[in-house]
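> Take this structure first; my questions come after.
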Amino acid sequence: MIRPPTSRDEAVLLDQSDPLADRRELFDLPEGVTYLVGHSLGPPPKSARERLTAAQQDWAADLVRSWNSAGWIDLAERTGDRIAALIGAQPGEVIVADSVSVNLFKLAAAALPQARTYALFVEEDEFPTDQYIAAGLGDLSGAEVRQLAPGGSFKALKAGGVVIKSAVNYRSSEVADIAAHEREAKQHGALIVWDLSHATGVLDLKLSVDGAALAAGCTYKYLNGGPGAPAFAYVSHSLAPKLSNPLPGWMGHAAPFAFDTNYAPRDGVARFASGTPPILSLAALGGALAAMEGVDLGQLEAKAKGLGALAIARAQAMGLEVLSPVEDARRGGHVSIRIAEGYPVVQALAARGVMADFRAPDTVRFGFSPLFLSYQAVWDAMATLSGILESGSWDQPQFHARAKVT
Ligand SMILES: Cc1ncc(COP(=O)(O)O)c(C=O)c1O
């Protein structure tokens, strides 16, 4: 792991030997902004705009024929294959479709009849959508839903149900040991639906090696696919033939243009497609993925952890409470810090060009996207935070006015 710099000069030196430093120019980022919110919405890669423009031109030029001529009909699968390479999965195990919420529902519903026990488990500190989906699916299916204490999933696997679990917790950034959970699940007839939203594009995930069977994740965070970019679903080759999509739409049918009145699923994960894929969003995502091409995922993860470790060291020097694991191996790409007046502090930071986000009631999150951030920028951002806290300049009326999105 990279030892965090202890001075600004050391930060500058680290940047000089950063193998990912030249990736920054692939992004459209406003001058003077240090963007520490890539864990929420990644900034636009220039290649996303180019692909989006090209797709718009295909649409105008070839109209409906573009489904064939521009290959739109297979775009969700082709994009899925590119994401598979980023999460350690095989070609044909990932499809891009819908949102994370919808994919969690589909995968958990499909998994229920395959698990030893007809029950759903979710930890109470999981992202709320994961909990709502479990509760809604429980109501619909009659499966028992058990809410677990934080960290309770591993033990719950013994009961043999379906567990919905984040690989990186959205608030704490705690990383789950996927391989250990999967070994335990297999022993007890349980199935895990991994939520990879905060892990994809920042950790060196190895789903096949770790024995993961099911996962969903988003593409608008570290994959920079754009606001509302479609999510992905992963199903291992060995499990896919046993599963039924609970929302069996025509796009998951083996022959959608046969207009058969009887449903016959496509092979593999493609059966989890339901409706028409969002081509313009897929085009932007496909363009964005170019910014990840050729990146060594080990280097990507190491840099995210190095930047996070720097932020943690500076926060501790300020006497702040760090809510994320200090140990690099246990932490994802973001760092959460408890600041009682977090909301106005985040607004005051933004006014000084440092963007972070706030999660009620008192958590400020700093995301460390390794493709466009530098050690120097993180050093300076933490100095800005220190200045704002010391001077009390955050305590101004305009910083307290709450927006809908925090
Ligand atoms: C861990 C996690 N899961 C799920 C979601 C929601 O995903 P979607 O809006 O695509 O349903 C988010 C959104 O930030 C998230 O952080």
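Bear in mind these aren't lab numbers, they're just calculated from the coordinates by the rules spelled out. The shown structure was predicted, so the numbers you read here are calculated from the model rather than taken from an experiment. Heads up, the Cβs are rebuilt from the backbone with ideal geometry, glycines too, and the neighbour counts pull from every protein chain shown.
> Sort out which residues of segment 101-124 are polar (S, T, N, Q) and more than 13 Å from the ligand (Cβ to nearest atom), and write them in order of number. Break it down stepwise before answering.
Within segment 101-124, the subset polar (S, T, N, Q) is 101, 103, 114, 117.
Those that are polar (S, T, N, Q) and more than 13 Å from the ligand (Cβ to nearest atom): 114, 117.
> Right, residue 315: under 25 Å from residue 197 (Cα atoms) and of a type in the set (A, V, I, L, M, F, W, C) or not?
No: the conditions fail for residue 315.
> Could you please tell me which pairs satisfy a Cβ distance under 6 Å, a separation of 6+ or placement on different chains, a first residue in segment 204-229 that is surrounded by fewer than 22 Cβ atoms within 10 Å (Cβ to Cβ), and a second residue that is part of a strand (DSSP E or B) and not hydrophobic (A, V, I, L, M, F, W, C)?
No pair meets every condition.
> Right, another one. Among the residues of segment 73-113, which ones are over 23 Å from the mean Cα position of the chain (by Cα), of a type in the set (A, V, I, L, M, F, W, C) and surrounded by fewer than 20 Cβ atoms within 10 Å (Cβ to Cβ)?
Matches in segment 73-113: 73 only.
> So, in segment 80-100, exactly how many residues are in a loop (DSSP other than H, G, I, E, B), away from the ligand (no atom under 16 Å from the Cβ) and of a type outside the set (A, V, I, L, M, F, W, C)?
Total meeting the criteria: 5.
> Pairs please, first residue from segment 85-101 and without any contact (Cβ under 8 Å) to a residue 12 or more places away in the chain and under 20 Å from residue 252 (Cα atoms), second anywhere and of a type in the set (Asp, Glu) and away from the ligand (no atom under 15 Å from the Cβ), Cβ atoms under 7 Å, 6+ apart in sequence or on different chains.
91/81
> Tell me the residue from 363, 384, 406 that is surrounded by fewer than 15 Cβ atoms within 10 Å (Cβ to Cβ) and under 18 Å from residue 37 (Cβ atoms), please.
Working: 363 fails: surrounded by fewer than 15 Cβ atoms within 10 Å (Cβ to Cβ); 384 fails: surrounded by fewer than 15 Cβ atoms within 10 Å (Cβ to Cβ).
Of 363, 384, 406, the one residue that is surrounded by fewer than 15 Cβ atoms within 10 Å (Cβ to Cβ) and under 18 Å from residue 37 (Cβ atoms) is 406.
> Taking segment 231-258 only, how many residues are within 16 Å of the ligand (Cβ to nearest atom) and among the aromatic types (Phe, Trp, Tyr)?
2
> Here is a follow-up. Kindly provide the set of residues from segment 11-47 that are free of Cβ contacts under 8 Å to residues at least 40 places away in the same chain and within 20 Å of residue 310 (Cβ to Cβ), ordered by number.
Of all residues in segment 11-47, those free of Cβ contacts under 8 Å to residues at least 40 places away in the same chain come to 13, 16-17, 22, 25, 28, 30-31, 46.
Answer for segment 11-47, where residues must be free of Cβ contacts under 8 Å to residues at least 40 places away in the same chain and within 20 Å of residue 310 (Cβ to Cβ): 13, 16, 17.
> Using beta carbons and a limit of 9 Å, which pairs, at least six apart or on different chains, have the first residue in segment 145-169 and in contact (Cβ under 8 Å) with a residue 12 or more places away in the chain and over 21 Å from residue 218 (Cα atoms) and the second one among the aromatic types (Phe, Trp, Tyr) and surrounded by fewer than 21 Cβ atoms within 10 Å (Cβ to Cβ)?
Close Cβ pairs satisfying both conditions: 161/118.
> Out of (1) out of contact with any Lys or Arg (no Cβ under 7 Å at 6 or more places or on another chain); (2) part of a helix (DSSP H, G or I); (3) within 16 Å of residue 321 (Cα to Cα), what's the single condition that is false for residue 383?
Looking at each condition in turn, residue 383 falls short on (3).
> Given the criterion in a loop (DSSP other than H, G, I, E, B) and among the charged types (D, E, K, R), identify the matching residue among 77, 31. Full working, then the answer.
Details: 77 fails: in a loop (DSSP other than H, G, I, E, B).
Answer to the check: 31.
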